[in-house]
Amino acid sequence: MTEISERLVLSPKAVIEHLQMMEREQLLISCQDERRRKYYYLSHNINVIIDLQKQDGVTLSLSDGDKTAKFVGSLLLFRRLIRARDDLLSSLEDLERDIGAKVNEIMRTGSDILTSEKELDIILALSHYNLTLEDLEELSGLSMDELSRILRSLIEKGLVERTDTEYMIRGAHGK
């Protein structure tokens with residue numbers, strides 16, 4: 001966006017609006033890096049056909065070059081897609097490492113608060129999503145009585161709260 005803004009001498013706001021419009025119309029696709037910078041790519045090859053005319057009216061065709069240009073365009077798009085995929089995979093690896101470290105931290109710090117491995121399992125499940133009692137029963141494999149007892153204990157400890165239909169980590173409304 002900055003590069004386009006500088007080269008075309010347009011305000012960043014105008015560039016952002018145009019990029020968003022082109023993305024809505026599926027002319028562009030975008031991805032974000034770990035610093036939340038957004039990168040735009042053409043979603044399809046765009047071919048420009050140019051006919052050159054001599055002064056006597058004879059048209060010079062670029063048809064032989066068209067195939068090569070289209071092939072090169074496909075290769076360049078392929079290259080951008082591979083790079084975008086590699087960037088996403090790298091970000092995903094970093095994210096997986098961060099998640100693993102956070103799970104270890106939760107297990108370590110939770111050992112003073114939680115009284116059983118089953119409580120930890122329920123807390124970790126609710127860390128992913130808000131879940132109904134039925135979802136938790138299916139996910140945990142616990143009996144309804146044991147699950148209800150664990151959920152009451154987690155609520156009493158101030159870790160979990162309940163809406164009409166779902167259980168969630170305290171403070172996770174709408175998240």
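The values are calculated or read from the model by the stated rules, or taken from the named source; none is laboratory data. For clarity, every value in this text was computed on a predicted model and none was experimentally measured. So basically every Cβ, Gly included, is an ideal-geometry build from the backbone, and we count neighbours across all protein chains shown. Ligands, DNA and RNA are excluded from the accessible area calculation, which covers all protein heavy atoms including side chains. Shrake-Rupley method; radii C 1.70, N 1.55, O 1.52, S 1.80 Å.
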Open item on the list: I need the helices of the chain that pass two filters: whole DSSP H segments spanning 15 Å or more by Cα along the axis, and mean Kyte-Doolittle score no lower than -0.5.
Closed with: 12-24, 63-110, 117-128, 144-156
TODO: Could you do me a favour and compute the accessible area per residue for the range 116-162, 1.4 Å probe, result in Å²?
DONE: 59 Å²
TODO: For the range 96-158, just the Cα atoms, rotate onto the principal axes and tell me the three extents in Å, largest first.
DONE: 34, 24, 18
- [ ] Evaluate Rg over Rh across the chain, taking Cα atoms for both radii and Kirkwood's formula for Rh.
- [x] 1.26
Task: Charge dipole magnitude, Cβ of K and R +1, D and E -1 - the range 70-175, Cα centre, debye nearest 20 - done: 800 debye
Task: Solvent exposure of the range 5-49 as accessible area per residue, Å², 1.4 Å probe - done: 85 Å²
- [ ] Determine the share of the chain's accessible area contributed by carbon and sulfur atoms, expressed in whole percent, with a 1.4 angstrom probe.
- [x] 55 percent
Open item on the list: Restricting to Cα pairs below 8 Å that are 6+ residues apart, what does the relative contact order work out to for the chain? Please round to a whole percent.
Closed with: 11 percent
Open item on the list: Rolling a 1.4 angstrom probe over the protein chains, ignoring ligands and nucleic acids, what is the accessible area of residue 80 in square angstrom, nearest 10?
Closed with: 80 Å²
